[in-house]
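Working notes, structure below.
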């Protein structure tokens, strides 16, 4: 009954003291667990949210003023929010965007042609948006978001819900757009492969605070320097002791084994595998980013508890 | 909603496309649109009831043909000035897609305005049919014949449209504060029905309803254009009523602007 008359409010700092600079043309992955403050940050950068304190500028503009000059330079793609007009074909949304962004007709047609080719939109432009598959719709969303030729792309989960082939297509498109237009990309994604494939630099936030900003490889190396060595034996074996001498067994699927091996021991382990065990399909990889981030968020939680 | 020179030029330049896309959208929504129109036929029900009551002696100064003329005119005004902008805004705010509209370099007021204006051709087509029925029925006998008044009627309907759009835009903007605006819409409709003359002509209702109606916007959204369309009135009375409409256009536009501005400030603070 009490809640009918008075509501309890709790102030949560969704983003707290996050500070970073991104140079023109950079592709930056923005990572963090659910509720870390990623979308809040993207909304602040695109002008949808007004920070209560601090300073933020995008290409010299204060975003929350939403000046026309800024809106013409940026775009925000949210995987779960559509700007396409639901009952009309994407071509109508594009015509609308052409009008509101005041894109000169020749530039509009050239951009649409380029995007149609890069995103393989042929056949989709005149189909009502509601009849498009999720992947088709996302490709059309990307085109709608990029028609005005923005130089700063805020991409919030642009591949969410897409199948692997479509994820690859979208990733490939973002890279090509970035290279062709020297566009700055700030990307959040739950699919680590998006980040690994696209972003040399990553910014990690957790519970509103910045916990890492730097080179992706350096982060992986700092948190988990061991390599993942995968190989296929001529026949399945169950001798974990023998394998354990080479490294920690992380996975075993019949004759396919994955070991965790320190960098120092790697040459010896590889020569042993090739020379003694006659393995096939030998692969050496960095640890998956998911594992590295799990380690990182776990450490951050521990530090928070200790504080 | 206050615009600088270059922004006005952008809105003017974009408006034909906004209207064209809006018309396409209305056509795509045609089934929902027709169903919505069917829900606005309350005047026809009231017309049957009141013509029955008024046969012979009449009712509070209205003859049966006068009631026919009144309710058909009310239906025309309602069809032409209705708007679903509040439900559209509520939906976009709830789904978070308003963000996409905010990131376009034209104020959402104008994009919503265009989408509602775009529905007018279809609404007008329906109104033409209603007007033809009005002229073909006994209600036509009571209509005014003064040319000036006939010219003032569309102006009055236009002003009524502007008040109506501003009121619905205000209700839509309230969704930026409230999680649910359906109840607000229902409350609005109850007040509108009583004080606009939608249910009964205001001069047939007991005091203090007609007096109160003079101080509220609803009368200027429906009763005024209906009176200009259906009553022989001195031209000064017509101009006086149109002046009242102009005042309400200014007031409701200011209210819409203020509510939007406050709502967006809140939206920028907490998001959606």
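The values are calculated or read from the model by the stated rules, or taken from the named source; none is laboratory data. Because the structure is a prediction, the values reported are computed rather than measured. Methodologically, a virtual Cβ is constructed for each residue, glycine included, from the backbone with ideal geometry; neighbour enumeration extends over all protein chains shown.
What to note about this one:
- Of all residues in segment A:79-97 being facing another protein chain (nearest Cβ under 7 Å) and over 16 Å from residue B:103 (Cβ atoms), the one that is modelled with the lowest pLDDT: A:87
- Within segment A:34-46, the residues that satisfy the criterion of being at pLDDT 90 or above, touching a strand residue (DSSP E or B) at 6+ places or on another chain (Cβ under 9 Å) and more than 7 Å from chain B (Cβ to nearest Cβ) are A:41, A:42, A:45.
- Filtered by the rule that a residue be under 22 Å from the mean Cα position of the chain (by Cα) and not in a loop (DSSP other than H, G, I, E, B), segment A:48-62 gives a lone residue, A:58.
- Checked against (1) touching a helix residue (DSSP H, G or I) at 6+ places or on another chain (Cβ under 6 Å); (2) buried (at least 17 other Cβ atoms within 10 Å of the Cβ), residue B:137 meets all criteria but (2).
- Against the numbered list (1) out of contact with any strand residue (DSSP E or B) (no Cβ under 6 Å at 6 or more places or on another chain); (2) not assigned by TED's automatic domain parsing to the domain that holds residue A:91, residue A:165 comes up short only at (2).
- Test: residue in segment A:127-147 that is surrounded by fewer than 18 Cβ atoms within 10 Å (Cβ to Cβ), part of a loop (DSSP other than H, G, I, E, B), more than 11 Å from chain B (Cβ to nearest Cβ) and out of contact with any strand residue (DSSP E or B) (no Cβ under 8 Å at 6 or more places or on another chain): yes
- When each of B:194, B:199, B:246 is tested for being in contact with a helix residue (DSSP H, G or I) (Cβ under 9 Å, 6 or more places away or on another chain) and assigned to a loop (DSSP other than H, G, I, E, B), the lone residue that passes is B:199.
- Test: residue in segment A:20-33 that is crowded, with 21+ Cβ neighbours inside 10 Å and within 14 Å of another protein chain (Cβ to nearest Cβ): no
- Some residue of segment A:276-289 being at pLDDT below 80, under 28 Å from residue A:190 (Cβ atoms) and assigned to a helix (DSSP H, G or I): yes
Let's see how each residue does on (1) assigned by TED's automatic domain parsing to the domain that holds residue A:267; (2) loosely packed, with under 13 Cβ neighbours inside 10 Å; (3) farther than 27 Å from residue A:113 by Cβ; (4) modelled with pLDDT under 80:
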| position | (1), (2), (3), (4) |
| --- | --- |
| A:175 | no, no, no, no |
| A:184 | no, no, no, no |
| A:193 | no, no, yes, no |
| A:201 | no, no, yes, no |
| A:207 | no, no, yes, no |
| A:210 | no, no, yes, no |
| A:240 | yes, yes, yes, yes |
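- Cβ-Cβ distances below 9 Å connect the following pairs, each with a first residue in segment B:38-55 that is over 16 Å from residue B:133 (Cα atoms), a second residue that is loosely packed, with under 15 Cβ neighbours inside 10 Å, and a separation of six or more residues or different chains: B:54/B:60.
- Any hit, segment A:15-27, residues being at negative phi, in contact (Cβ under 8 Å) with a residue 24 or more places away in the chain and outside any loop (DSSP other than H, G, I, E, B): yes
- Residue-level check: of (1) crowded, with 17+ Cβ neighbours inside 10 Å; (2) not in a strand (DSSP E or B), residue A:180 misses just (1).
- Hey, residue B:204 closer than 30 Å to residue A:65 by Cβ, touching a residue at least 24 places away in the same chain (Cβ under 8 Å) and either buried (at least 17 other Cβ atoms within 10 Å of the Cβ) or within 14 Å of another protein chain (Cβ to nearest Cβ) (or both) or not: no
- Leading residue by the ranking (surrounded by the most Cβ atoms within 10 Å (Cβ to Cβ)) among those in segment B:43-61 that are touching a helix residue (DSSP H, G or I) at 6+ places or on another chain (Cβ under 6 Å) and under 15 Å from residue B:203 (Cα atoms): B:50
- Going through (1) within 14 Å of chain B (Cβ to nearest Cβ); (2) under 16 Å from the mean Cα position of the chain (by Cα); (3) at pLDDT below 90 one by one, residue A:12 falls short only on (2).
- Wholly within segment B:1-59, helices (runs of 4 or more DSSP H) carrying at least 1 residues that are at the interface with chain A (Cβ under 9 Å from one of its Cβ atoms) and within 30 Å of residue B:186 (Cα to Cα): B:5-28
- Entirely in segment B:94-164, the helices (runs of 4 or more DSSP H) that have 3 or more residues that are in contact (Cβ under 8 Å) with a residue 12 or more places away in the chain, under 15 Å from the mean Cα position of the chain (by Cα) and within 14 Å of chain A (Cβ to nearest Cβ): B:108-117
- Flag for residue B:178 being in contact with a helix residue (DSSP H, G or I) (Cβ under 9 Å, 6 or more places away or on another chain) and modelled with pLDDT of 90 or more: no
- Scanning segment A:64-78 for residues that are more than 10 Å from every other protein chain (Cβ to nearest Cβ) and either assigned to a loop (DSSP other than H, G, I, E, B) or within 22 Å of the chain's Cα centre (by Cα) (or both) yields one hit, A:73.
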